[in-house]
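Input: a single structure, listed below in structure tokens.
Read-outs throughout are calculated quantities, based only on the coordinates presented, and are distinct from any laboratory measurement. Note that the coordinates shown come from a computational prediction; the quantities given were computed from them, not determined experimentally. Note that we place each Cβ from the backbone using ideal geometry, even for glycine, and neighbour counts take in every protein chain shown.
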Amino acid sequence: MKPVIIFDFFGVFCTSIATDWFKKNVSTASNDLKAFQALCTRSDYGKLTRAEFNQEVSVMTGIAVPDIITGIEAETHIDTSLVSYVRQLQAKGYRIACLSNGTREWTLRVIIDHDLGDLFEQVVLSGDLGIVKPSPGIYTRTLEILRISAAEAIFVDDRKTNVDAAIDCGMRGILFTNTPTFEQEFERIESAFSAT
């Protein structure tokens, strides 16, 4: 049996664009980071549109909205080596999905703008469900959408708390740090699936 691989997006395939921009461009970033992260969380829950998010960040930082948009877009870097590896997995018949804290305005825009739409069978977003990782409900709902059991899934995320929550739900998990390490860890875990 081949596992279904469920990836986070930001921090795995793509840099954490908003947070990276904030840390580089806001001189009081250490003082305002918690407030900025609270805005990000509201956005992840689907409670702020992208325009509302940008406006609130502008008020918080004194940076004009067009400069925020340009700056955040400049932070968008795709891990092309991971994309290549995942395409190889797809070609071998693995099902690939995405579970990300984010909204269609942010996450799907980056996916589409970088021609990654065909990479994922399904993109599950916290903003659509009103649940964010690491809440167990978002993992359960993702499994339901994919019509698989937790035992059939490997979850990949750059945040240990999110991986631990997926493991608590019965999935196998990989903490993503870089592509070569992910490849090694995936092959190790995947061999256990082949043995079952």
**Set of region 114-156 residues, backbone N closer than 20 Å to the point 7 Å along the Cα-Cβ line of Asp164** = 132-140, 154-156
**Asked** Hey, what do the phi angles of region 127-134 turn into as Karplus ³J(HN,Hα) couplings, whole Hz, using 6.51/-1.76/1.60 and θ = phi - 60°, x for Gly and Pro?
**Response** x, 7, 9, x, 9, 10, 5, x
**Signed unit charges on C-beta, dipole axis of region 17-74, positive-most listed residue Cys40, Trp21, Asn54** = Cys40
**Request:** Identify the residues of region 116-131 with backbone N under 20 Å of a label point that sits 7 angstrom from the Cα of Ala51 along the Cα-to-Cβ direction, or state none.
**Result:** 127-128
**Prompt:** How much length is gained if the chain between Lys92 and Arg141 is pulled fully straight, taking 0.36 nm per residue apart and subtracting their Cα-Cα distance, in nm to one decimal?
**Reply:** 15.0 nm
**Complete:** Phi angles of region 172-177, converted by Karplus (6.51 cos²θ - 1.76 cosθ + 1.60, θ = phi - 60°) into ³J(HN,Hα) in whole Hz with x for Gly and Pro, give 8, x, 10, 7, 7, 10
**Asked** Quick one: Asp168, Asp115, fewest Cβ neighbours within 10 Å first, how do they rank?
**Response** Asp115, Asp168
**Request:** Quick one: which residues, 5+ away or cross-chain, put their amide H under 5 Å from the amide H of Cys14? H built at 1.01 Å from N.
**Result:** Asp79
**Prompt:** Considering the dipole of the chain built from charges on the beta carbon (Lys and Arg +1, Asp and Glu -1) around the Cα centre, which of Thr70, Phe9, Leu129 is farthest to its positive end?
**Reply:** Leu129
**Item:** Rounded to the nearest 20 debye, dipole of the chain from Cβ charges on Lys, Arg, Asp, Glu
**Value:** 340
**Hypothetical label at Leu33: residues of region 149-165 whose amide nitrogen lies under 16 Å (7 Å Cα-Cβ projection)** = 159-160
**Message:** If amide hydrogens are placed 1.01 Å from N in the peptide plane, which non-local residues have theirs closer than 5 Å to the one on Ala97?
**Reply:** Ile5, Ile6, Phe7, Glu121
**Asked** Any idea what Rg and Dmax come out to for the chain if you just take the C-alpha atoms, in Å?
**Response** 17.1, 57
